[in-house]
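Notes for the one structure printed next.
The values are calculated or read from the model by the stated rules, or taken from the named source; none is laboratory data. Keep in mind that what you see is a predicted model, and the values were worked out from it rather than measured. No Cβ is skipped: glycine too gets one built from the backbone with ideal geometry, and neighbour counts run over all protein chains shown. Side chains included, ligands, DNA and RNA excluded: accessible areas come from the protein's heavy atoms. Shrake-Rupley method; radii C 1.70, N 1.55, O 1.52, S 1.80 Å.
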Amino acid sequence: MGLIKAGIGALGGTLADQWKEFFYCESLPNNVLMRKGEKRVSGRSSNTKASDNVISNGSGVAVADGQAMIIVENGKIVEFCAEPGEFTYRTDLEPSIFTGKLGDSIKATFKELGKRFTYGGEAAKDQRVYYFNTKEILDNKFGTANPIIFEVVNKRINMSRTVQIRCNGVYTYVISDPIKFYTRLCGNVDYEFTRDQIDGQLKVEFVDALQPALGALAEQELRPAQIPAKANELKTAMNDALRQEWIENRGISVGKIALNPITLTDDDMKKINEMEDAASVGSNPFMMAGRMTNATADAMQTAAGNSAGAMTGFMGMGMVGMGGQGGFGAAQNLYNMGAQQQQQAQMQQTQQQPQAGGWTCPTCGKSVIGNFCQECGTRKPAPASGWTCTQCGQAVTGNFCPNCGTKKPAADWICPNCGKTVTGNFCPDCGTKRSN
């Protein structure tokens, strides 16, 4: 009797699975990352006994915006689609009598009936449709429980200081490779895979990746206060830091990052300001002198009110025995140093300018006196309205060379009779005389 029941079950199951199905997936909410596709069955459906994990040949599969779909047969991915629309599934693994030639379909049906007879009336295969949420997964909050080391770099003043920062904000991620996501995280789930199953792990890895990502931004000489405005740069740096764990291993990428203002300790902020001020002032003697003058004046005012007497205060400043100069004398030295630097800069600029009666070589830029550049040998160019002596190479503006007396050659003219360009007073072709 059991053998008969198996045969009856095989016949009923095989015929039920010949009805074409329509697979779809409702809109996936933000907390669902993957869901198994459903066969659309209503009260009017004649096909109510088909196997859940069998897809008949010719069945329809719908893919909506923001979704990707895969078809898995016997544990192996055989189809993938990320384009919205409705598709028809065709395969020889599960034939249908409603597609192709009737005779061939019936033969294939009874062939399948023989297979199911040996498996107790069940299909000897497993076919499933899975849908993935490819929209941005929103509202992933993060924060640094412990300070992160950040190096503040200013190559202009050769400054580098390590500080401790804290940051918090939100990020989004996307399933950028559904096939990797399925094979590494959620393969063969019964119904759906939700974000709460991986968000905790992703958050820990995201915070860990902040250290190398912020280090990459430090190389760009970004200040901590500038980082929240550099969301694209931070996203690129985070994807680089998470490439192995997220992109290559799980098929997940960082979507967007929004940072709240990054905070430094008061001590770190004070030290950075002091280093920048010192570098700025140290490179300018006038600023140093001005700061020293102000500091000396403040110190003198304080010394004048010394309870032990003004003289005691001035002695403490080291002004007695120095001609009353003290800090003012040092400030004067700084002013002199600044003036000397300015004078040297002016002299250098003057030396670079062409001397009187000289010219600047167009080839090497050297200031030259004479007709030829001592550096590269380039001949002195003639003035725009002058000529170059054919005998000595002197640039001349008049009719005679002041160096050797050579007369300025006559300008070329065009013979009105034959059209030849002539240098002398008579045309060598037709003998026409120059008219002027």
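Checked against a 25 Å cut-off, the cross-linked pairs Lys203/Lys256; Lys366/Lys407; Lys76/Lys141; Lys203/Lys271; Lys155/Lys366 give Cα-Cα distances beyond that limit for Lys366/Lys407; Lys76/Lys141; Lys203/Lys271; Lys155/Lys366. Annotation: Arg223 carries an accessible surface of approximately 70 Å², with a 1.4 Å probe and no ligand, DNA or RNA atoms counted. The packing ranking of peptides 134-145, 27-38, 199-210, highest mean first, is 27-38, 199-210, 134-145, where packing means the average number of other beta carbon atoms within 10 angstrom of each residue. Taking label points 7 Å from Cα along the Cα-to-Cβ direction, Asn188 and Asp266 give a separation of 6.1 nm.
Using a simple spin-label model with pseudo-atoms 7 Å out from Cα toward Cβ, Gln211 and Asn154 lie 2.7 nm apart. Spacing of the modelled spin labels on Ala410 and Cys364, each 7 Å from Cα toward Cβ, amounts to 4.1 nm.
Using a probe of 1.4 Å on the protein chains alone, the accessible area found for Leu185 is around 60 Å².
The Rg/Rh ratio of the stretch 115-254, with both radii computed over alpha carbons and Rh defined as the Kirkwood radius, is 1.19.
The phi torsions of the stretch 135-147, fed into the Karplus equation with coefficients 6.51, -1.76 and 1.60 and a -60° offset, translate into couplings of 6, 5, 8, 8, 6, 9, 7, 8, x, 8, 5, 10, x Hz, rounded to whole numbers, with Gly and Pro shown as x.
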